[in-house]
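One structure is given below, encoded as structure tokens.
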Amino acid sequence: MSTAQPPNPAASADPATAADRPVDLAGIGIGPFNLSLAALAQGAPALRTAFYEQRPAFHWHPGLLIDGATIQVPFLADLVTLADPGSPWTFLQYLKAHERLFPFYVAERFHIERAEYDAYCRWVSERLPGLHFDHRVDAVRWDHEYELFEIDFTRLGPATDAPAPEATGTDAEGRALGRVYARNLVLGVGTEPYVPEPLRPLADAPNVPVLHSSDYLEHRERLLATGHVTVIGSGQSGAEVFLDLLRNRPLGAEGLHWMARTPAFAPMEYSKLGLEQFSPDYTRYFHTLPEPVRDQLLPRQWQLYKGIAHETLDAIHHELYRRALHSDGWPGAVLTPGVTVRTAGRIAAARLELHLEHTEQGTRARHTTEAVVLATGYRERRVDTLLAALDPYIRRDASERPRVDADHRLVLDPMIKGSVYVQNAERHTHGVGTPDLGLAAWRSAVILNSLLADPAYRLPSRTAFTAFGLQPSGRCGTVIGNPHLPDQRTPLAPTRT
């Protein structure tokens, strides 16, 4: 979401009128996680919800929808199934609506293509009520008089559903401004591409072929026509970009170099017991650990979320071997792990130079290339300006990060009676499963249950065979955070829709 200075809604707006019709939960951002929450909220009719997104429509990593690339979780990790298999918004319901149930059954595919997951989410987003695309949220405040969150937005395009949020004025460009009130908020603004500092000047410069992998498909044809391309990053995205380029460049003249900081192009941890670290049980366990222990543990778990699928590694090796077999020598592709980029710059109109250091050897070298694809991951999107008015009320840990309770709520000053939930912004408190699609439905159900006097979804009390500690980490649906922290749970009585 934008962090631009918010416009002031028209002075003629009557806040009392809007405050008389607050929603129970307002979502900021419509990615897979808030879309999951919106879909499961349909099973809790006592809640009035509304979700806002500045983009004109749902799209999930469009620059990485490479032909044949699959998501790394089974199709059961859709928006709702692991909390409500009977929901009308499951992936199987999507297949049924498109008359593809039997072909999917015959295909026996457990992992679906990214493009199909994107299409499924878009199908849900086009049918769910209460989703407002082309709406940029500009500011959020707590109204002490009404004891509600006050949300200012700008409508960037025509309303996509009815009823639309009430407009309160226009800005200098004639766009409609509006304000809504909510008892509770959920932030699902997602992540943004991360560019390492040494490469940021080149990535920010116009007409320099240094791009993040999130924009890969937009530049794919130009990269295929470029004499030499370097891919940086050892995760799944880097592997998929490298494989796609390798498969589509001339035999014997591949002109590719793939490098990464990690000591190896390592496979993702995909053993069955290893995958239990993406379970609600492990999430609850991780949340109970002391902050210093959590901070030490996360970097050591990199292969749980930064590794590469075995199938992708196999496909890369097979393609390299095939090319070696059908050419006079080794293919023109170099793979170098254990390397960091110290500095980077341009040495000619069409040449880039990277200054490299090998961590284990302690050696340095210069590397020239014509284009760079940065598969360097993502970082949590900053919401400092968006939440500036709430900042004094947010309780922080020793590293100045927001504290998040077991129900995915920011720990706030007791003066704030409403709750602010976060999705995919709590890895420091909830662990490696935070960005994982497999926990989306469970987390959404936890959030919804915490808002209701009578939980809408029955969640399992145990989800893993592994016992992650000597002491129990709490039952599903209970608050397991520090006992001295104020419990911000405010169950809602049934409201009229």
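Could you tell me whether any residue of segment 156-164 is modelled with pLDDT of 95 or more, touching an Asp or Glu at 6+ places or on another chain (Cβ under 8 Å) and polar (S, T, N, Q)? Within segment 156-164, not a single residue is modelled with pLDDT of 95 or more, touching an Asp or Glu at 6+ places or on another chain (Cβ under 8 Å) and polar (S, T, N, Q). Say we look at segment 420-438 and pick out the residues that are in a helix (DSSP H, G or I) and within 13 Å of Asp405 (Cα to Cα); which of these is nearest to the chain's Cα centre (by Cα)? For segment 420-438, the residue satisfying everything is Arg427.
Among the conditions (1) under 15 Å from Asp118 (Cα atoms); (2) open to solvent by less than 20 Å² (accessible area, probe 1.4 Å), Leu47 misses just one, which is (1). Taking the listed residues Val80, Val106, the one that is β-branched (Val, Ile, Thr) and open to solvent by 30 Å² or more (accessible area, probe 1.4 Å) is Val106, with no other qualifying. Annotation: of all residues in segment 71-130 being among the polar types (S, T, N, Q) and free of Cβ contacts under 8 Å to residues at least 24 places away in the same chain, the one that is farthest from Ile447 (Cα to Cα) is Gln93. Among the residues making up segment 17-39, those that are crowded, with 24+ Cβ neighbours inside 10 Å, of a type in the set (A, V, I, L, M, F, W, C) and part of a helix (DSSP H, G or I) are Phe33, Leu35, Leu37, Ala38, Ala39. Any residue at all in segment 60-71 that's surrounded by 20 or more Cβ atoms within 10 Å (Cβ to Cβ), among the small types (Gly, Ala, Ser) and part of a loop (DSSP other than H, G, I, E, B)? Checking segment 60-71: at least one residue is surrounded by 20 or more Cβ atoms within 10 Å (Cβ to Cβ), among the small types (Gly, Ala, Ser) and part of a loop (DSSP other than H, G, I, E, B).
Scanning segment 229-254 for residues that are buried (at least 18 other Cβ atoms within 10 Å of the Cβ) and not in a helix (DSSP H, G or I) gives Val229, Thr230, Val231, Ile232, Gly233, Ser234, Gly235, Arg249, Glu254. Restricting attention to segment 444-470, the residues being farther than 22 Å from Cys121 by Cβ and either without any contact (Cβ under 8 Å) to a residue 60 or more places away in the chain or under 25 Å from the mean Cα position of the chain (by Cα) (or both) number 14. Return the residues of segment 265-290 that are assigned to a helix (DSSP H, G or I), exposed (fewer than 15 other Cβ atoms within 10 Å of the Cβ) and out of contact with any helix residue (DSSP H, G or I) (no Cβ under 8 Å at 6 or more places or on another chain); say none if nothing qualifies. Across segment 265-290, the qualifying residues are Lys272, Leu273.
For His408, the criteria (1) touching a strand residue (DSSP E or B) at 6+ places or on another chain (Cβ under 6 Å); (2) surrounded by 15 or more Cβ atoms within 10 Å (Cβ to Cβ); (3) at negative phi hold in every case but one, which is (3). Taking (1) assigned to a helix (DSSP H, G or I); (2) in contact (Cβ under 8 Å) with a residue 12 or more places away in the chain; (3) more than 15 Å from the chain's Cα centre (by Cα) in turn, Ala441 satisfies each apart from (3). Look at Gly338 and say whether it is of a type outside the set (A, V, I, L, M), at pLDDT below 95 and buried (at least 16 other Cβ atoms within 10 Å of the Cβ). Considered against the rule, which asks whether it is of a type outside the set (A, V, I, L, M), at pLDDT below 95 and buried (at least 16 other Cβ atoms within 10 Å of the Cβ), Gly338 comes out as no.
Could you tell me which residue of segment 124-148 is farthest from Ala388 (Cα to Cα), considering only residues that are open to solvent by less than 70 Å² (accessible area, probe 1.4 Å) and basic (Lys, Arg)? Restricting to residues being open to solvent by less than 70 Å² (accessible area, probe 1.4 Å) and basic (Lys, Arg), the top hit is Arg136. Restricted to segment 360-395, and to residues that are β-branched (Val, Ile, Thr) and under 30 Å from the mean Cα position of the chain (by Cα), which residue is farthest from Leu223 (Cα to Cα)? Out of the qualifying residues, it is Ile394. What about Leu352, is it within 26 Å of the chain's Cα centre (by Cα), surrounded by 15 or more Cβ atoms within 10 Å (Cβ to Cβ) and at pLDDT 95 or above? Criteria not met by Leu352.
The values are calculated or read from the model by the stated rules, or taken from the named source; none is laboratory data. Note that this is a predicted model, so its numbers are computed, not measured. We place every Cβ from the backbone using ideal geometry, glycine too, and count neighbours over all the protein chains shown. Heavy atoms of the whole protein, side chains included, go into the accessibility calculation; ligands, DNA and RNA do not. Shrake-Rupley method; radii C 1.70, N 1.55, O 1.52, S 1.80 Å.
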